[in-house]
Amino acid sequence: MFNITRNGLDAIGKELGVISNNIANANTNAFKRSRSEFVDFYSKALSSNPKSKTGLGTMLQGTQKIMKQGSPILTGSSLDLTISGKGFFILSPKEGADPRFTRDGSFSLDADGNLVTTEGFNVAGYLRDEDGNINNSAAVPLKVPLTIEDDGKVLLLTKLDVNNQGMIETTYGLNTILQRGQVALAKFNNEIQLKSTGANTYQANEKSGEQILGTAMTSNFGEILSGSLESSNTNISLEMINLIKTQQAFNGNARILQSNVEVTRRLMG
């Protein structure tokens, strides 16, 4: 009984951590809540007879991301992007590191015109060649010049738009319009197995499968909505109910453990 109760407290304590993390990130852009998965825990027996195995309660096998899409929140900023449907934005980290992926489309231009996240990651996409064609053979960091020279005059970037296919259109001065490139997207055969790497980003692994590159509104990829951000899919009401149930289970196991300790102390006395 002591081992069962102790294992129960350990599993419940970890479940409280998962629920607390979900609640803490209720307002994080595109955050995906996690769900705990428990399994029965048995002691190893020398005999091959299944009846000789002793149950030792439960243990936390792991957590699973719930990739259900959050609702879009209108912001009005042209570089706030939401993927309505399947897909992840591709982020280019430091040279030599594996790419990261995110659903958080809170982007901006830095002082050099690089399209970056709030954490400083470069956003990857497809560049437009000299003939005006999109080169989608490889996703590279996107960059938008902040100024251009036209007839000896320096024109400043005055407007930037992203359409539902991720195409970037820039306006310099009053009416000099230039097409720049296209935001790249990636998808996976088993996206729930993506590895969380902090800052609301993920990395691919053997369980998730390799990235499949593409663009919005093609090959089952979703649509890009400019001027909005995807909200967290955490349901506060549901998480609070789970929190109360888990706390009650923790308190119940703690009382049982305390009773076991007191009985043992009396027997030893």
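The values are calculated or read from the model by the stated rules, or taken from the named source; none is laboratory data. Quick caveat, the model's predicted, so the values are computed rather than measured. Cβ coordinates were reconstructed from backbone atoms using ideal geometry, including for glycine residues, and neighbour counts include every protein chain displayed. What goes into the accessible areas is simple: the full protein's heavy atoms, side chains included, and nothing from ligands, DNA or RNA. Shrake-Rupley method; radii C 1.70, N 1.55, O 1.52, S 1.80 Å.
Computed from the Cβ-Cβ distance with R0 of 41 Å, the FRET efficiency linking V140 to S259 stands at 0.05. Cross-linked pairs K65/K86; K68/K143; K187/K207; K32/K143: Cα-Cα separations exceed 20 Å for K68/K143; K32/K143. The dipole here belongs to segment 130-223: it is taken about the Cα centre, uses +1 on the Cβ of Lys and Arg and -1 on the Cβ of Asp and Glu, and is about 360 debye.
Quick check: with the 1.4 Å probe, what order do K86, K65 take by accessible area, largest first?
On the way: K86 70, K65 30 Å².
The residues order as K86, K65, largest area first.
Partner aspartates and glutamates whose Cα lies under 16 Å from the Cα of K245, excluding those fewer than 8 positions away in the same chain, are identified as D10, E15, E37. Each Lys or Arg adds one and each Asp or Glu subtracts one; over the other residues with Cβ under 15 Å from the Cβ of L238, this totals +3.
Note that the chain, at 4 °C in a medium of 1.567 mPa s, gets a Stokes-Einstein diffusion coefficient of 59 µm²/s from its Kirkwood radius over C-alpha pairs. Entry comment: accessible area of the chain is 57 Å² per residue, from protein heavy atoms only and a probe of 1.4 Å. For segment 125-234, the spread of Cα positions along the three principal axes, ordered from largest to smallest, is 55, 33, 24 Å. Accessible area per residue (1.4 Å probe, heavy atoms of protein chains only) ranks L243, L238, L267 as L267, L238, L243, with the largest value leading. The apolar share of the surface of the chain, taken as the fraction of accessible area on carbon and sulfur atoms (1.4 Å probe, ligands and nucleic acids excluded), comes to 50 percent.
Each of S78 and N133 was given a label point 7 Å from its Cα along the Cα-to-Cβ line. The distance between the two points is 2.7 nm. In segment 195-256, Rg over Rh equals 1.19, where Rg is the alpha-carbon radius of gyration and Rh the Kirkwood radius from pairwise Cα distances. For K159, the aspartates and glutamates whose Cα falls under 13 Å of its own Cα, not counting residues fewer than eight places away in the same chain, are E169. The modelled label-to-label distance for the pair I212/T28, using points 7 Å beyond Cα in the direction of Cβ, is 2.7 nm.
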